[in-house]
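Below: one structure, written as structure tokens.
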Amino acid sequence: MGWETIIKSLRDPIVPNLLDYTQAQAAFSWKQARRELEGLPCGAGINIAHEAVDRHATGPLRNHLAMRWLGKSGRIENYTFAELQTLTNRFANVLRSLDVAKGDRVYVLAGRIPELYVTAFGTLKNRSVLCPLFSAFGPEPIRARMALGQAKVLITTESLYQRKVSKLRPALPSLKHVLLIGDEEQRTCAPGTMDLHRLMEDASKQFTIEPTDPEDVALLHFTSGTTGTPKGAVHVHEAVVAHHITGKLALDFHSNDIFWCTADPGWVTGTSYGIIAPLTNGITSIVDEGEFDAERWYAILQDQKVSVWYTAPTAIRMMMKVGAQLAHKYHLSALRFLASVGEPLNPEAVVWGQETFGRPFHDNWWQTETGGIMIANYAAMDVRPGSMGRPVPGIEAAIVRKTEEGKVEIIEQPDTQGELALRAGWPSMFRNYWNEPERYKKCFAGGFYLTGDIAKRDKDGYFWFVGRKDDVIKSSGHLIGPFEVESTLMEHQAVAEAGVIGKPDPVAMEVVKAFVSLKDGYTVSEALRRELLAFARVRLGPVVAPKEIEFRPKLPRTRSGKIMRRLLKAEELGLPTGDTSTLEDG
Ligand code: AMP
């Protein structure tokens with residue numbers, strides 16, 4: 001042990017799981033990581049829900065607190081591993097009684113309420129495919145994702161159903177069952193829906209998970225690309241090996257930790273680390289139903305004695321805006337590890353963490369397709385503010401460029417920009433895009449998965465994010481496809497063309513901005529601008545809809561007819577517009 005480590009362990013009595021990075025990288029094997037999990041009895045494969053719930057429910061952690069739910073209104077509910085086992089068994093039996101089989105897609109559209117977590121694991125126990133949707137989506141993103149994945153079951157609340165789904169039913173012929181969850185009092189059970197609580201009461205609390213092949217599909221997570229429909233990243237049960245081990249190595253989970261992941265399960269972080277990883281590691285997970293509010297968040301950190309906190313840069317920046325004085329009113333001594341993901345974490349935010357909490361934020365990087373953390377700053381290593389960190393043991397990351405012949409070439413020269421690529425083959429790597437094998441294949445070359453992110457590697461092996469290769473937008477940590485927004489705007493009778501970009505924003509990183517040209521017969525007006533904003537918001541939901549609309553007589557297009565978002569963005573930023581030779585009128 002070096003001096004630095006000794007000093008750190010005197011200050012910090014908990015010894016980090018990953019102490020020596022080089023040694024951990026060299027010694028790591030996925031086979032060994034797999035041994036940390038139990039597997040189904042009698043060698044019947046591996047199932048995420050068994051590793052997260054049943055394994056602990058039948059062992060010494062049976063009565064350990066698995067999940068503490070904090071309701072918006074102040075109500076608190078506690079669930080031990082044993083209680084979660086009973087509830088998830090009941091739900092798996094409900095699915096079975098409804099003839100929902102292995103591989104059928106079960107969608108969950110709900111806020112962060114306990115039933116979401118119960119139905120997630122129950123679905124996995126039944127070997128059906130879990131597809132969580134973000135509850136702030138409007139009807140259009142919901143329809144698109146349910147139609148693409150041919151949802152058989154939807155679990156949602158009465159209010160979300162009435163507001164966002166009921167009118168979509170004719171467009172979703174594969175949808176057989178809608179099961180309602182949430183507050184009893186509001187339940188009227190609209191036609192074509194069932195009360196899940198009733199079904200659960202009648203269901204047995206015994207359930208045996210059938211043999212599950214590690215390659216059986218477990219999760220379907222939709223993500224956005226520059227063009228076309230959303231992409232359904234397919235993940236398998238084997239992914240749990242990566243969820244588990246990255247919780248341990250990158251988030252430094254220890255047995256007495258109280259962990260709070262602030263991400264919504266509608267996005268991949270909220271599933272891999274908001275649902276699965278803390279429980280496979282047998283620790284207590286805090287689930288907060290409320291939306292961001294600095295005072296509420298500090299109170300949660302204090303009252304729940306959160307020791308490991310995983311959040312996102314937008315939230316950190318919002319806390320920074322409120323100021324450190326507020327933080328100092330709270331006792332946050334339980335906090336020992338802070339991590340962040342989803343967008344670039346500016347160096348000031350890392351430093352602010354150190355000043356405010358006495359600990360820096362540890363940035364880490366991954367994406368829907370990777371299923372789990374791939375690059376991270378670790379507890380035992382000094383954080384390099386602004387860097388995403390170093391690859392998780394077992395992951396080979398490289399900066400690559402494509403040659404003219406289409407081959408992938410690794411860029412060895414440090415500090416040189418290129419595409420971030422990962423050697424294919426880790427357990428939580430996506431196995432396909434749902435029904436789009438060609439789109440999937442295009443992501444791989446020369447044995448690497450090409451991430452679509454531009455980054456640099458420094459001489460010490462730390463990775464630095466530079467930007468996206470494509471036009472997708474990151475707003476408050478949510479990945480938004482410009483095409484989805486443009487298509488919706490085009491549905492308005494006044495719109496001839498729409499081009500959508502991410503406009504830089506000091507807090508949300510980017511906000512969605514649309515450029516619109518109108519059809520003949522329509523004139524630009526403030527009233528029409530407001531009408532279009534409202535039109536998009538109702539259909540897409542507040543997270544995806546544009547915050548700004550600018551009218552243009554005509555939008556720039558390439559000779560092949562594509563709207564040049566790149567040019568719109570350069571103009572917005574006041575940057576040189578570069579080579580416009582492919583412009584129609586260039
Ligand atoms: P998603 O698939 O929605 O999780 O979004 C993944 C994308 O978010 C990545 O491809 C990056 O562009 C961005 N991202 C995630 N984590 C980081 C990070 N630590 N720093 C910079 N960008 C990030």
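Taken together, the criteria exclude ILE395 from residues that are modelled with pLDDT of 95 or more, open to solvent by less than 50 Å² (accessible area, probe 1.4 Å), over 21 Å from PHE28 (Cβ atoms) and in the same structural domain as PHE361 (by TED's automatic domain parsing). Whenever a residue of segment 439-466 is not assigned by TED's automatic domain parsing to the domain that holds GLY418, its partners that are hydroxyl-bearing (Ser, Thr, Tyr), lying with C-beta atoms within less than 6 angstrom and at least six residues away or across chains, give the pairs TYR462/SER387; TRP464/SER387. Among the residues of segment 211-229, those that are open to solvent by 10 Å² or more (accessible area, probe 1.4 Å) and closer than 20 Å to LYS152 by Cβ comprise ASP216, VAL217, PHE222, THR229.
How about segment 365-382: which of its residues are of a type in the set (Ser, Thr, Tyr) and more than 11 Å from the ligand (Cβ to nearest atom)? TYR378 - this is the single residue of segment 365-382 that is of a type in the set (Ser, Thr, Tyr) and more than 11 Å from the ligand (Cβ to nearest atom).
Determine, yes or no, whether MET381 is closer than 25 Å to ASN17 by Cβ and modelled with pLDDT under 95. Against the criterion (closer than 25 Å to ASN17 by Cβ and modelled with pLDDT under 95), MET381 qualifies.
Checking each residue in segment 333-352 for being within 14 Å of the ligand (Cβ to nearest atom), assigned to a helix (DSSP H, G or I) and in contact with a Phe, Trp or Tyr (Cβ under 9 Å, 6 or more places away or on another chain) picks out ALA349, VAL350.
Yes/no matrix, rows are residues, columns are (1) open to solvent by 10 Å² or more (accessible area, probe 1.4 Å); (2) touching a residue at least 12 places away in the same chain (Cβ under 8 Å):
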residue	(1), (2)
ARG317	yes, yes
LYS321	yes, yes
GLN325	yes, no
LYS329	yes, yes
SER333	yes, no
LEU338	no, yes
ALA349	no, yes
TRP352	yes, yes
PHE361	no, yes
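Looking at segment 444-532, the strands (runs of 3 or more DSSP E) lying wholly inside it that each contain 1 or more residues that are away from the ligand (no atom under 12 Å from the Cβ) sit at 448-457, 495-505, 509-518.
If you take the residues of segment 250-281 that are away from the ligand (no atom under 16 Å from the Cβ) and touching a Phe, Trp or Tyr at 6+ places or on another chain (Cβ under 8 Å), which of them is most open to solvent (accessible area, probe 1.4 Å)? Looking at residues that are away from the ligand (no atom under 16 Å from the Cβ) and touching a Phe, Trp or Tyr at 6+ places or on another chain (Cβ under 8 Å), I get ASN281. Summed over segment 412-433, the residues that are more than 15 Å from the ligand (Cβ to nearest atom) and touching a residue at least 40 places away in the same chain (Cβ under 8 Å) give a count of 7. When segment 363-378 is filtered for residues that are in a loop (DSSP other than H, G, I, E, B), open to solvent by less than 10 Å² (accessible area, probe 1.4 Å) and closer than 20 Å to CYS443 by Cβ, the ones remaining, listed by number, are GLY371, GLY372, ILE373, MET374.
The residues listed here are GLU238, GLU210, GLU201; of these, the one that is over 30 Å from ILE300 (Cα atoms), assigned to a loop (DSSP other than H, G, I, E, B) and either modelled with pLDDT of 95 or more or in contact with a helix residue (DSSP H, G or I) (Cβ under 9 Å, 6 or more places away or on another chain) (or both) is GLU210. In segment 32-54, what count of residues is obtained for those that are open to solvent by less than 40 Å² (accessible area, probe 1.4 Å) and under 20 Å from THR208 (Cβ atoms)? Total meeting the criteria: 14.
The values are calculated or read from the model by the stated rules, or taken from the named source; none is laboratory data. Treat the numbers as computed from the prediction; the structure is a model and nothing was measured. Every residue, glycine among them, receives a Cβ derived from its backbone with ideal geometry; neighbour counts consider all protein chains shown. Accessible surface is based on the protein model in full, side chains and every heavy atom, while ligands, DNA and RNA are left aside. Shrake-Rupley method; radii C 1.70, N 1.55, O 1.52, S 1.80 Å.
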